[in-house]
1. Of G929, L505, A967, which is farthest on the positive side of the dipole of the chain, counting Cα position, with +1 on Lys and Arg Cβ, -1 on Asp and Glu Cβ, and the Cα centre as origin?
2. Q654: net charge of surrounding residues, Cβ under 9 Å, Lys/Arg +1, Asp/Glu -1, itself excluded?
3. How do T582, T604 rank when sorted from fewest to most other Cβ atoms within 10 Å of their own Cβ?
4. What GluC sites (Glu not before Pro) in segment 49-96 are in a loop by DSSP, with at most 16 other Cβ atoms within 10 Å of the Cβ?
5. Once you sort the root eigenvalues of the Cα gyration tensor of segment 955-1089 as a ≥ b ≥ c, which label holds: rounded (a/c under 1.5), prolate (a/b larger than b/c) or oblate (the other case)?
6. At 7 Å along the Cα-to-beta-carbon direction for both D63 and K285, put a label point, then send me their distance in nm to one decimal.
7. Between I694 and R989, take the C-beta separation as r, use R0 = 56 Å, and let me know the FRET efficiency to the nearest 0.05.
8. Run the quick spin-label model on A501 and S898: label points 7 Å from Cα toward the beta carbon, then report their separation in nm to one decimal.
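Read the figures in this text as sums done on the coordinates, not as results from a lab. Here the structure is a predicted model, which means the values were calculated and not measured. All Cβ positions, glycine included, derive from the backbone under ideal geometry; neighbour counts span all protein chains shown.
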Amino acid sequence: MKPGIALMTLLLVPGLFAAPPSVGGYDPVADPNAVSIIGNVRFTALTPRIMRIEYSPSGKFEDRASYAFVNRKTPVPAFRKVQRGAIHNVKTELINLFYDTSRAGPPSAANLTAKLVIDGEVIDWSPDMRSTNLGGTTRTLDGVSGSCELEPGIFSREGFTLIDDSKSIVFDHREGTDWPWAAARPDPAATDWYLFVHGSDYKGALADFTAVAGRIPLPPRYALGAWWSRYWAYSDGELRQLVKEFREHDVPLDVLVVDMDWHLDGWTGYSWNPQYFPDPDGFLKWTAEEKLRVPLNLHPADGVGKHETRFKEFCEAVGVDAATTDRVPFDCTDPKFVKAYFEVLHHPLEKQGIDFWWMDWQQGRASQVDGLDPLPWLNYLHWTDWERNPGVKPSRPLVFSRWGGLGNHRYQVGFSGDTFCDWPSLAFQPSFTATAGNVGYAWWSHDIGGHQPGKVDPELYARWIQWGAFSPVLRTHTTKNPLAERRIWEFPPEFYNAMKAAWRLRYSLLPYTYSAGRECYDTGVPLCRPLYYHWPLIDRAYNTPGQYMFGESLMIAPVLEPRNPANRLASIKVWIPPGEWTLWAEGRQFAGPSEARLLVPMDTIPIFVRAGDVLPMANVGRNSEDSGTDTLTLVGNAPGWGDTRLYEDDGLTQAYQKGEFAWTPIKSGGQSGFREVTLRPAQGTFPGAVDSRILTYRARNLPQPTKVVLNGEPLAQSEWSFDNGFNFSVQLPPRPVKEETKLRVEYEPNAALEKLLADGLAGDLRVLAQLSQELGEAAPPELAASLQAAALLAKGGNTSEAQAAAYVGKRFALAAKVAVSALPEPRRSEFVCRLLGLWTKLSLVALDGGNQPPTLTANAEVALSSPFVASKDVQKRVRFVPPENWKLAPGLKLEQESRDDVMNCGAALESSGPPQTGVLRAEIELTAGETKIAVPIEQVLYPSINAWWILGPMTPTVPESLDAEMAAMTSIDDSRSYDGKDGKPARWRRFERKADAASAMNEFFINFTNVYGERTYGTNAYVATILKSPRDQEATLAVGSDDGVIVWLNGQEVHRYPHGRAYASKADRVNVTLKQGTNVLMMRIMQGTGDWGFGVHVETRAGKPLPEVEVSLRP
């Protein structure tokens, strides 16, 4: 008998079990006082915001927990039910429902209406009303480059959402197990809706959602440290060497992920591969000594094969004969199979030392139970097994897996799948991660650096690490590609230093992030959350997807696009929400709502701290355990008043759910003349809690202190320090955690100096110091004067307006001298832009809807964003220089000028033919008095070869004679037919790039799946184009291909890579000589399995584009 049939039989036996089973300790049966039944319809007021609406043709309603909703035994809200004639009325504070019994039947617009209270206003509602859903998340980002569509979340802009839970599985009793087990719903005609009325109170609505759907568990503290992951056949010796390198470079690490090669060959496995792990016990003993957590990759879909070391034992457990069985099929709906799956296959490995499992399910949504998707069910099973067997894994459950739908927030952490290594993928992940809070999915973990093709640009990887440091989980990963480096120390120093700083900052903020994790458990508000959770009535909060809140005190605006190669700075715009904010790196203060233009160097993350808030931070050691709880650092960045709390528990067990934890309230304050911080006595305790701890307080961006007071008693000046960067620090001897500690730092009010500090004096001073170091004796006198003035300011005393002005000095004149200094480019332009805050951005907009030839508007935005420069005194002039194969559209000027703080100017450009690679340049001239500064900016348009002939798909094995024929070809005959794959004819086809603004800055990548409409394996394709050079010249063909490639130029083979590989742009640099006139480029692109495609750029030896080389499909 099939399990599904047996299950249905049990469900139909009335009264077999007294009550539905509890899932995770929750009660799925609502309080009767919250219920109103009229005929075949039941209304349940779960909270003032949530009304459950059910219809059952049989009149038997569903009290079993569903996957999404497990707890209906909530406190009964103020609830009224009235029958007036045919109208049945149920009402809570926010929901007033009317059901017309004269039109009895499933709820619809014909019989069900409501009046909803949305932010104090009453609106009419019916089930057919549409709303603008704010999105939730999606199962996986596998194969996604850039953005993708999200499944609906529980919020909408209109303030209400209707969730249909009618088809989801429910949990029931099942013969053969005492676990709550998956069951199909008995009546497909039944309705099970949940009406959420949240208004603009997203935080309150999350509390209600998690009240009925279950809380978001707090991950173990080690999970908030760094994870190393890579798809690679590591041996235990190689992993030991890797960890040694982490230690040598002072880069902390907590989790060492081992991908699928840990087990014997095959997709599914449970037995160590002795080729890579000859001594698993010794390996796991070593990882325990190193305080490293080890998860193993798991693909269970292929069942259990006879090659497994525990195959005989498994067969006995499931009741099959091992001697006559080659493989036991996977069946996660069979309790007997599941019991053996854990007890025989997993528990022994867990007792051996495996900490958790990476559930890498990719095999679809079907199972033996109707409506049961194996992915969410496996997530539940692994979590439940962990909870029910604490002796096997004496720590909190952690299931590392893809999202299984609404309700999966109870089983974290999320694995987002195999994304691409490109800027669009990075740009999507911050908003994707924050938006997942709309379904309670708070702990997404992404492949930092991207998964495929593996090789990653150093700048992109550094920015990804910087964002990853402020994501829920910092986990590097990539595919099995020898070029796919992820060790941060293997990148050039500029990028390595930036990544290491971000990595260590992540660890120093562990007390802050862990406290936010506990708040998520208590309130449902995730660590990473959209801005509209905090500012729901401001449209801009919904339209700034790259920014998000990281806890209550930090707003993050990560860099999600490449920097300008001319000045090595990223130019980004940041929306500043209401309130006062301090830019962490500079100390500059911003008042919102407003917009800021930032120049972001490689070593900087745009982190904004809410004014007045102090950040609890930790010492950084080898891993999260090394930070300990016997030391605590509090960091304040600016004056203001704030409140925060430090959360602590044992970091590992589920005792926090039983009251074993401590909160320490922290109050901070300050205004002109003082800063202060107060630690209230710790509330609560837990095993292992410290009685006292060393406390360090650091106050940034303040004048020279005159007095420091601890609990009313002044400290000697020798007990604290103050540096020339305007940073105060004091370390106190161990302080009892159950006693109040109040520290006050006083200084003489100094309006002029405090204004400089609020403008970012500390950060600006670091730029001047770097400039002085690099210029050495060639430093101009204006620089020396500014540094001397800064030194005097740091010494304290009254600062006059004249003294403050001496620091700013002749800033424009200094920048002008740097602009003509001997510093190499682009370092020279970087300093000029940072001194002036010169913010520039080139962009393209389609003017005529993409008609051919295209007309595009080139826009240049120019601003002087530094508060140390009087922008109104500077004349700005922009002159466009179009690419050679473009021209100015009639009636528009190339040159414009302005004295506005922000200058926007544009020029309409027309292409003189099909899209060709070109360089758009803009010359910016700044004038202040008699002093002028010229700064060029440029943008490559339509990089790569943009037109190809394509022939294929061809046979798996190509005869040498055909290669020779193709190599010798001087023109294309698109009427000729060739023998293609599977005996089908193949002809040459044209593929040309369409000129549009959206893709003008991206390469032209040919994806053969799009060419042929389906994936094709075991084949080849020929591609050809003509390069017209104005003269004989050296060039480089920058070729990327998936899989192998052969390149011929003018009949000669110039490059061959005959191996399988994932695509990487410009993977091969092929040096060639182009002759004057026509050059025929022919290539054969090979295909084994997987993706298939290519792209080619024509460049100089130095990697610059060669726009003078024209691409054509005809000689």
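1. G929
2. So the environment of Q654 carries a net charge of +1.
3. T604, T582
4. E93
5. Rounded is the answer for segment 955-1089, as its axis ratio a/c remains below 1.5.
6. With each label point 7 Å from Cα toward Cβ, the separation is 5.5 nm.
7. Efficiency, from the Cβ-Cβ distance: 0.20.
8. 3.2 nm
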